[in-house]
Amino acid sequence: LKIVAQSVLRCTPSCDMLSRVSRGARPVAGARTFSTQAFKIYRYDPEVGGKPRLQQYDVDLTTCGPMVLDGLVKIKDEMDSTLAFRRSCREGICGSCAMNINGKNGLACLLYIEPSAKAIEIQPLPHTYVVKDLIPDLTNFYNHYKAIEPWLKRKEPKAKGEREFLQTKDDRAKLDGMYECILCACCMTSCPSYWWNPEYYLGPAVLMQAYRWVADSRDQFTEERLAWVNDTMKLYRCHGIMNCTNCCPKGLDPAEAIAVLKEECNQSYNDSWKSVIAGEGRKNAGRESGMMYA
(Lines give C-alpha, C1' and ligand atoms only; values in the text may rest on other atoms or scores of the structure.)
Protein backbone atom coordinates (compact mmCIF):
# COMPACT_ATOMS: atom_id res chain seq x y z
CA LEU A 1 0.00 0.00 0.00
CA LYS A 2 1.11 3.50 -0.75
CA ILE A 3 0.95 6.21 1.87
CA VAL A 4 0.07 9.81 1.06
CA ALA A 5 2.49 12.33 2.52
CA GLN A 6 0.48 15.01 4.31
CA SER A 7 3.24 17.50 5.08
CA VAL A 8 1.96 20.91 6.11
CA LEU A 9 3.65 23.73 4.21
CA ARG A 10 4.74 26.55 6.45
CA CYS A 11 5.15 29.82 4.61
CA THR A 12 8.25 30.81 6.54
CA PRO A 13 11.27 32.24 4.75
CA SER A 14 13.79 29.65 3.65
CA CYS A 15 17.46 29.95 4.44
CA ASP A 16 17.60 32.10 1.27
CA MET A 17 21.30 31.47 1.41
CA LEU A 18 21.64 34.01 4.25
CA SER A 19 24.44 32.06 5.88
CA ARG A 20 26.25 30.47 3.01
CA VAL A 21 28.50 27.82 4.46
CA SER A 22 31.53 26.33 2.86
CA ARG A 23 32.88 22.81 3.03
CA GLY A 24 32.21 21.48 6.51
CA ALA A 25 29.06 23.62 6.91
CA ARG A 26 30.96 26.48 8.59
CA PRO A 27 28.47 28.99 10.08
CA VAL A 28 28.76 32.75 9.67
CA ALA A 29 30.95 34.79 11.99
CA GLY A 30 29.44 35.34 15.40
CA ALA A 31 27.03 32.42 15.12
CA ARG A 32 27.05 29.48 17.49
CA THR A 33 29.17 26.63 16.14
CA PHE A 34 27.97 23.04 15.82
CA SER A 35 30.05 19.98 15.02
CA THR A 36 27.01 17.80 14.37
CA GLN A 37 23.59 18.41 12.88
CA ALA A 38 20.49 16.32 13.51
CA PHE A 39 18.35 15.25 10.57
CA LYS A 40 14.81 13.94 11.07
CA ILE A 41 13.87 12.01 7.94
CA TYR A 42 10.55 10.56 6.85
CA ARG A 43 10.79 6.78 6.61
CA TYR A 44 8.29 4.41 5.01
CA ASP A 45 8.95 1.03 3.40
CA PRO A 46 5.93 -0.62 1.72
CA GLU A 47 7.64 -4.01 1.81
CA VAL A 48 8.01 -3.85 5.58
CA GLY A 49 4.68 -2.16 6.29
CA GLY A 50 3.78 -0.23 9.39
CA LYS A 51 3.12 3.45 9.84
CA PRO A 52 5.45 6.14 8.45
CA ARG A 53 7.81 7.61 11.02
CA LEU A 54 10.51 10.24 11.43
CA GLN A 55 13.96 8.80 12.10
CA GLN A 56 16.77 10.92 13.47
CA TYR A 57 20.38 10.83 12.29
CA ASP A 58 23.27 12.90 13.70
CA VAL A 59 25.66 13.99 10.94
CA ASP A 60 29.26 15.05 11.55
CA LEU A 61 29.50 18.41 9.79
CA THR A 62 33.31 18.40 9.79
CA THR A 63 33.29 15.55 7.26
CA CYS A 64 30.17 16.50 5.34
CA GLY A 65 29.58 18.80 2.38
CA PRO A 66 27.60 22.03 2.82
CA MET A 67 24.31 21.06 1.15
CA VAL A 68 21.34 19.12 2.51
CA LEU A 69 21.89 16.59 -0.27
CA ASP A 70 25.44 16.05 0.99
CA GLY A 71 23.97 15.19 4.38
CA LEU A 72 21.53 12.71 2.88
CA VAL A 73 24.28 11.04 0.83
CA LYS A 74 26.48 10.77 3.94
CA ILE A 75 23.64 9.19 5.90
CA LYS A 76 22.97 6.66 3.15
CA ASP A 77 26.67 5.85 2.62
CA GLU A 78 27.81 5.68 6.23
CA MET A 79 24.81 5.23 8.53
CA ASP A 80 21.79 3.62 6.87
CA SER A 81 21.98 2.15 3.38
CA THR A 82 18.22 1.46 3.38
CA LEU A 83 17.39 5.17 3.09
CA ALA A 84 15.87 5.89 -0.34
CA PHE A 85 15.79 9.22 -2.20
CA ARG A 86 16.30 10.51 -5.73
CA ARG A 87 19.33 12.55 -6.83
CA SER A 88 21.34 12.98 -9.98
CA CYS A 89 23.01 16.23 -11.10
CA ARG A 90 23.51 17.88 -7.65
CA GLU A 91 23.49 21.25 -9.46
CA GLY A 92 19.81 22.25 -9.49
CA ILE A 93 19.29 21.16 -13.09
CA CYS A 94 17.62 17.74 -13.05
CA GLY A 95 15.03 18.35 -10.31
CA SER A 96 15.39 14.81 -8.96
CA CYS A 97 16.07 15.73 -5.31
CA ALA A 98 12.90 17.77 -4.81
CA MET A 99 11.57 17.25 -1.29
CA ASN A 100 9.99 19.09 1.63
CA ILE A 101 12.73 20.52 3.85
CA ASN A 102 11.75 22.22 7.10
CA GLY A 103 8.20 22.72 5.83
CA LYS A 104 9.03 24.17 2.41
CA ASN A 105 9.48 22.43 -0.93
CA GLY A 106 12.89 22.77 -2.51
CA LEU A 107 15.89 20.99 -4.01
CA ALA A 108 18.18 19.31 -1.50
CA CYS A 109 21.19 20.07 -3.69
CA LEU A 110 20.54 23.84 -3.57
CA LEU A 111 19.70 24.25 0.12
CA TYR A 112 22.53 24.73 2.58
CA ILE A 113 22.76 22.96 5.90
CA GLU A 114 22.03 25.68 8.45
CA PRO A 115 23.73 24.41 11.64
CA SER A 116 21.23 24.54 14.48
CA ALA A 117 20.25 22.81 17.71
CA LYS A 118 16.96 22.04 15.98
CA ALA A 119 16.86 19.05 13.65
CA ILE A 120 16.43 19.54 9.91
CA GLU A 121 13.14 17.81 9.06
CA ILE A 122 12.94 16.22 5.62
CA GLN A 123 9.79 14.70 4.12
CA PRO A 124 8.66 13.69 0.63
CA LEU A 125 6.84 16.21 -1.57
CA PRO A 126 3.48 16.89 0.13
CA HIS A 127 0.26 15.15 -0.89
CA THR A 128 1.91 12.61 -3.15
CA TYR A 129 1.82 8.85 -3.00
CA VAL A 130 5.07 7.65 -1.46
CA VAL A 131 6.98 4.86 -3.20
CA LYS A 132 9.53 4.62 -0.39
CA ASP A 133 10.99 7.08 2.12
CA LEU A 134 11.65 10.35 0.25
CA ILE A 135 10.64 9.04 -3.19
CA PRO A 136 7.24 10.38 -4.36
CA ASP A 137 5.16 8.84 -7.14
CA LEU A 138 5.01 11.53 -9.85
CA THR A 139 2.95 9.49 -12.33
CA ASN A 140 0.02 11.89 -12.20
CA PHE A 141 2.29 14.90 -12.71
CA TYR A 142 3.88 13.38 -15.81
CA ASN A 143 0.48 12.39 -17.18
CA HIS A 144 -0.63 16.00 -16.89
CA TYR A 145 2.55 17.15 -18.61
CA LYS A 146 2.00 14.66 -21.44
CA ALA A 147 -1.55 15.97 -21.83
CA ILE A 148 -0.48 19.45 -23.00
CA GLU A 149 1.62 17.95 -25.84
CA PRO A 150 4.80 19.86 -24.91
CA TRP A 151 6.46 19.97 -28.31
CA LEU A 152 6.42 22.22 -31.37
CA LYS A 153 3.35 21.56 -33.56
CA ARG A 154 3.21 22.83 -37.13
CA LYS A 155 0.53 22.84 -39.83
CA GLU A 156 2.99 23.86 -42.53
CA PRO A 157 6.06 21.64 -43.04
CA LYS A 158 9.48 23.11 -43.61
CA ALA A 159 10.22 24.34 -47.10
CA LYS A 160 12.87 22.51 -49.06
CA GLY A 161 16.29 23.60 -47.85
CA GLU A 162 14.89 25.25 -44.70
CA ARG A 163 16.96 24.16 -41.72
CA GLU A 164 15.09 25.70 -38.79
CA PHE A 165 12.06 27.80 -37.86
CA LEU A 166 13.28 31.32 -37.20
CA GLN A 167 11.87 33.83 -34.73
CA THR A 168 12.74 37.37 -33.76
CA LYS A 169 14.68 38.25 -30.62
CA ASP A 170 11.52 39.75 -29.13
CA ASP A 171 9.55 36.55 -29.77
CA ARG A 172 12.36 34.51 -28.28
CA ALA A 173 12.38 36.74 -25.19
CA LYS A 174 8.73 35.85 -24.52
CA LEU A 175 9.85 32.35 -23.54
CA ASP A 176 12.19 33.57 -20.80
CA GLY A 177 11.01 32.58 -17.35
CA MET A 178 9.23 29.49 -18.69
CA TYR A 179 11.68 27.33 -20.61
CA GLU A 180 13.96 27.19 -17.55
CA CYS A 181 11.47 24.99 -15.67
CA ILE A 182 13.12 21.68 -14.67
CA LEU A 183 9.84 19.85 -13.85
CA CYS A 184 10.86 19.16 -10.25
CA ALA A 185 7.18 19.33 -9.10
CA CYS A 186 7.96 21.60 -6.12
CA CYS A 187 5.30 24.08 -7.23
CA MET A 188 2.75 21.38 -8.10
CA THR A 189 2.91 19.76 -4.68
CA SER A 190 2.82 23.09 -2.83
CA CYS A 191 -0.46 24.09 -4.49
CA PRO A 192 -3.66 23.49 -2.45
CA SER A 193 -5.73 23.49 -5.65
CA TYR A 194 -3.62 20.58 -6.90
CA TRP A 195 -4.00 18.81 -3.55
CA TRP A 196 -7.78 19.07 -3.83
CA ASN A 197 -8.17 18.18 -7.52
CA PRO A 198 -5.08 16.23 -8.63
CA GLU A 199 -6.99 14.20 -11.22
CA TYR A 200 -8.27 17.23 -13.14
CA TYR A 201 -6.38 20.44 -12.31
CA LEU A 202 -3.22 20.57 -14.42
CA GLY A 203 -1.19 22.41 -11.80
CA PRO A 204 1.27 25.34 -11.91
CA ALA A 205 4.24 23.74 -13.71
CA VAL A 206 2.11 22.12 -16.42
CA LEU A 207 0.05 25.27 -17.02
CA MET A 208 3.21 27.35 -17.27
CA GLN A 209 4.54 24.92 -19.87
CA ALA A 210 1.19 25.01 -21.68
CA TYR A 211 1.54 28.78 -21.97
CA ARG A 212 5.17 28.39 -23.02
CA TRP A 213 3.93 26.72 -26.24
CA VAL A 214 1.05 29.18 -26.66
CA ALA A 215 3.58 32.03 -26.52
CA ASP A 216 5.99 30.38 -28.97
CA SER A 217 5.73 32.19 -32.32
CA ARG A 218 6.89 29.06 -34.18
CA ASP A 219 3.95 26.95 -33.00
CA GLN A 220 0.86 26.90 -35.25
CA PHE A 221 -1.63 25.22 -32.91
CA THR A 222 -2.23 28.19 -30.61
CA GLU A 223 -6.03 28.15 -30.93
CA GLU A 224 -6.22 24.40 -30.37
CA ARG A 225 -4.02 24.64 -27.30
CA LEU A 226 -6.09 27.47 -25.82
CA ALA A 227 -9.37 25.71 -26.59
CA TRP A 228 -8.21 22.52 -24.91
CA VAL A 229 -6.92 24.17 -21.73
CA ASN A 230 -9.93 26.54 -21.38
CA ASP A 231 -11.69 24.31 -18.87
CA THR A 232 -13.17 24.82 -15.43
CA MET A 233 -11.01 22.12 -13.87
CA LYS A 234 -7.85 22.13 -16.01
CA LEU A 235 -7.16 25.87 -15.73
CA TYR A 236 -9.60 27.74 -13.52
CA ARG A 237 -8.97 25.80 -10.30
CA CYS A 238 -6.03 28.20 -9.86
CA HIS A 239 -7.01 30.80 -7.24
CA GLY A 240 -3.75 32.74 -7.09
CA ILE A 241 -2.59 31.33 -3.77
CA MET A 242 1.03 31.95 -4.91
CA ASN A 243 2.62 28.99 -3.12
CA CYS A 244 4.01 27.94 -6.49
CA THR A 245 5.95 31.14 -7.04
CA ASN A 246 7.05 31.24 -3.41
CA CYS A 247 8.77 27.85 -3.50
CA CYS A 248 10.13 27.59 -7.07
CA PRO A 249 13.84 26.69 -6.70
CA LYS A 250 14.61 28.30 -10.08
CA GLY A 251 12.98 31.62 -9.17
CA LEU A 252 10.26 31.33 -11.82
CA ASP A 253 6.72 32.71 -11.57
CA PRO A 254 4.14 30.07 -12.56
CA ALA A 255 1.32 32.19 -11.08
CA GLU A 256 2.03 35.00 -13.55
CA ALA A 257 2.12 32.58 -16.49
CA ILE A 258 -1.25 31.14 -15.44
CA ALA A 259 -2.75 34.64 -15.16
CA VAL A 260 -1.54 35.49 -18.68
CA LEU A 261 -2.85 32.15 -19.99
CA LYS A 262 -6.29 32.92 -18.54
CA GLU A 263 -6.23 36.33 -20.22
CA GLU A 264 -5.25 34.75 -23.56
CA CYS A 265 -8.22 32.37 -23.28
CA ASN A 266 -10.53 35.27 -22.41
CA GLN A 267 -9.42 37.39 -25.36
CA SER A 268 -9.32 34.59 -27.91
CA TYR A 269 -12.46 32.63 -27.00
CA ASN A 270 -15.13 31.97 -29.61
CA ASP A 271 -17.96 29.46 -29.90
CA SER A 272 -16.08 27.37 -32.47
CA TRP A 273 -13.80 26.16 -29.66
CA LYS A 274 -16.36 23.50 -28.73
CA SER A 275 -15.84 21.69 -32.02
CA VAL A 276 -12.06 22.24 -31.74
CA ILE A 277 -12.02 20.56 -28.33
CA ALA A 278 -14.09 17.64 -29.65
CA GLY A 279 -11.71 17.23 -32.58
CA GLU A 280 -8.63 17.32 -30.39
CA GLY A 281 -10.15 14.71 -28.08
CA ARG A 282 -10.90 12.29 -30.92
CA LYS A 283 -7.48 12.81 -32.47
CA ASN A 284 -5.66 11.72 -29.34
CA ALA A 285 -7.77 9.64 -27.01
CA GLY A 286 -4.82 9.10 -24.67
CA ARG A 287 -4.12 12.77 -24.21
CA GLU A 288 -6.49 13.49 -21.34
CA SER A 289 -4.79 13.86 -18.01
CA GLY A 290 -5.58 12.17 -14.73
CA MET A 291 -4.39 9.27 -12.62
CA MET A 292 -3.94 6.82 -15.46
CA TYR A 293 -2.24 3.93 -13.70
CA ALA A 294 -1.77 0.95 -16.01
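The values are calculated or read from the model by the stated rules, or taken from the named source; none is laboratory data. Model, not experiment: these values are computed from the prediction. Glycine also receives a Cβ, built like all others from the backbone with ideal geometry; neighbour counts cover every protein chain displayed. Calculation scope for accessible area: heavy atoms of the full protein, side chains included, ligands and nucleic acids excluded. Shrake-Rupley method; radii C 1.70, N 1.55, O 1.52, S 1.80 Å.
Can you give me the % of accessible surface on the stretch 160-223 that is carbon or sulfur? Probe 1.4 Å, all protein chains present, nothing else counted. Mind showing how you got there, number by number?
Details: 1560 of 3070 Å².
Here it works out to 51 percent.
What FRET efficiency, computed as 1/(1 + (r/R0)^6) with R0 = 35 Å and r the Cβ-Cβ distance, is obtained for residue 47 and residue 197, rounded to the nearest 0.05?
Values: r = 31 Å, r/R0 = 0.89.
For R0 = 35 Å, the calculated efficiency reads 0.65.
Packing-wise, with mean Cβ within 10 Å as the measure, how do 184-191, 197-204, 222-229, 112-119 rank, highest first?
Numbers: 184-191: 28.6, 197-204: 22.1, 222-229: 20.5, 112-119: 16.8.
Put in order of decreasing packing, that is 184-191, 197-204, 222-229, 112-119.
Using a Cα-Cα cut-off of under 22 Å, which lysines could be cross-linked to residue 160, ignoring same-chain neighbours fewer than 8 residues away?
Within the straight-line limit of under 22 Å, residue 160 reaches no lysines at all.
Measuring with a 1.4 Å probe in the full set of protein chains, what accessible area per residue, in whole Å², belongs to the stretch 53-118? Present the calculation step by step, with values, prior to reporting the outcome.
On the way: 2980 Å² over 66 residues.
On a per-residue basis, 45 Å².
Taking the convex hull of the Cα atoms, report for the stretch 115-190 its projected area averaged over all directions, in nm². Don't skip to the answer; put the middle values down first.
Working: hull surface 38.0 nm².
Computing the convex hull of the Cα atoms and averaging its projections yields 9.5 nm².
Mind giving me the nanometre distance, one decimal, between the label points for residue 263 and residue 86, set 7 Å out from Cα along Cα→Cβ?
3.3 nm
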